[in-house]
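Derivation of every value follows stated rules applied to the coordinates shown; laboratory data play no part. Quick caveat, the model's predicted, so the values are computed rather than measured. Because the Cβ atoms are built from the backbone with ideal geometry, glycine has one as well, and the counts that use them run over all protein chains shown.
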Amino acid sequence: MLIKVPNGLLEGPDHFNLIEIDELRGKQQNYLADKDLVVGNIGHIPKILEDMVLSVQTEAGIKWRGELVEVIQRLPSNDLETILIKIRENTYGPRFYHEAVCPFCNEVTKDFRLDLDQLKIDFLTANELATVKSVLLLKTNIEAELKPIYLADMFKIVDITKKSNELVTSILALSIKRLGDKSPVEPKDIDNIPASDLRAIQQYMNDAKIEGTIDTNIELECSKCKKEFSIKLNCFDPSFFDPTKGYTSLNTSAMK
Ligand SMILES: [Zn+2]
């Protein structure tokens with residue numbers, strides 16, 4: 001299956017944003033069952049990506065000639081999410097059934113259906129990808145340049161979340177490429193930044209197009225109280241690749 005990712009990689013004039021992916025086989029099921037890899041971790045993600053990414057190319061058909069592992073390390077998290085979602089689609093089909101708990105009445109609804117091929121992807125052009133994303137912080141008069149979250153950052157987030165002290169500054173530091181003249185940016189660099197400047201960074205992250213995205217927010221309506229709520233699809237959780245989330249439910253749904 002050949003897919004287009006929201007961002008891709010720029011290498012000189014070439015924009016590598018097409019990725020040929022495989023379907024899951026027995027070997028990858030072993031990763032998903034490996035407790036050391038998956039419990040409280042995302043250790044299965046690089047292994048699945050390394051096995052499943054077959055080639056990377058531009059729209060003109062120029063193939064990436066370097067190591068594919070390097071591409072995986074350099075793709076923003078939204079590209080990785082897109083690849084994981086498309087691997088699931090390529091393996092079990094686009095229909096994904098999941099359960100969700102209503103935040104208003106706690107009703108558990110099983111078999112919410114999500115069509116993975118309908119998720120909205122917002123693509124970045126090569127020009128947008130090359131543009132420096134920076135914001136001037138008014139209080140400190142320092143410029144903050146932002147960057148996407150990469151695979152290595154995601155492992156740091158897993159560690160930070162486990163330790164849970166310095167949560168805010170540590171996670172924010174991963175999104176800042178440069179603060180004034182300082183790069184890379186460490187959590188301690190953010191400790192003394194005034195809260196109003198941090199708010200400006202967060203505001204800019206929401207408003208500016210830092211990276212192309214795949215919209216994994218799912219709007220749902222509770223079957224009991226009929227109120228609407230939204231959840232986020234977590235394709236980094238090993239259960240995302242559980243085949244029964246597509247098949248078992250698919251059969252019951254077909255009978256309705
Ligand atoms: Zn409800």
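A compact table of results
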{"read-out": "Helix-only CD estimate at 222 nm, as mean residue ellipticity for the chain, using -39500 (n - 2.57) per DSSP H run (n ≥ 4)", "value": "-10500 deg cm²/dmol"}
{"read-out": "Principal-axis tilt of helix 195-207 within the chain, Cα atoms, nearest 10 degrees", "value": "50 degrees"}
{"read-out": "Gained length - residue 145 relative to residue 181, 0.36 nm times residue gap less alpha-carbon distance", "value": "11.9 nm"}
{"read-out": "Local electrostatic count at residue 93 - Lys and Arg +1, Asp and Glu -1, tallied over other residues with Cβ under 15 Å", "value": "0"}
{"read-out": "Most to least packed among 180-193, 11-24, 84-97 [average Cβ atoms within 10 Å]", "value": "84-97, 11-24, 180-193"}
{"read-out": "Label-to-label distance, nm, for residues given as residue 162 and residue 209 (7 Å Cα→Cβ offset)", "value": "3.7 nm"}
{"read-out": "Stokes-Einstein D (µm²/s) once Rh is taken as the Kirkwood radius of the chain over alpha-carbon pairs, at 10 °C in 1.306 mPa s", "value": "79 µm²/s"}
{"read-out": "Neighbour net charge for residue 209 - beta-carbon separation under 15 angstrom, K R +1, D E -1", "value": "-4"}
{"read-out": "Distance violations [Cα-Cα > 22 Å] among 4/156; 86/227; 27/47; 35/147", "value": "4/156; 86/227; 35/147"}
{"read-out": "Net +/- balance of residues flanking residue 114 in space, Cβ distance below 15 Å, scoring K and R +1, D and E -1", "value": "-3"}
{"read-out": "Mean separation of Cα contacts under 8 Å (6+ apart) over length of the range 48-114, as relative contact order %", "value": "20 percent"}
{"read-out": "Relative contact order [Cα under 8 Å, 6+ residues apart], the range 134-208, whole percent", "value": "35 percent"}
{"read-out": "Relative contact order of the chain, defined on C-alpha pairs under 8 angstrom at six or more residues apart (%)", "value": "22 percent"}
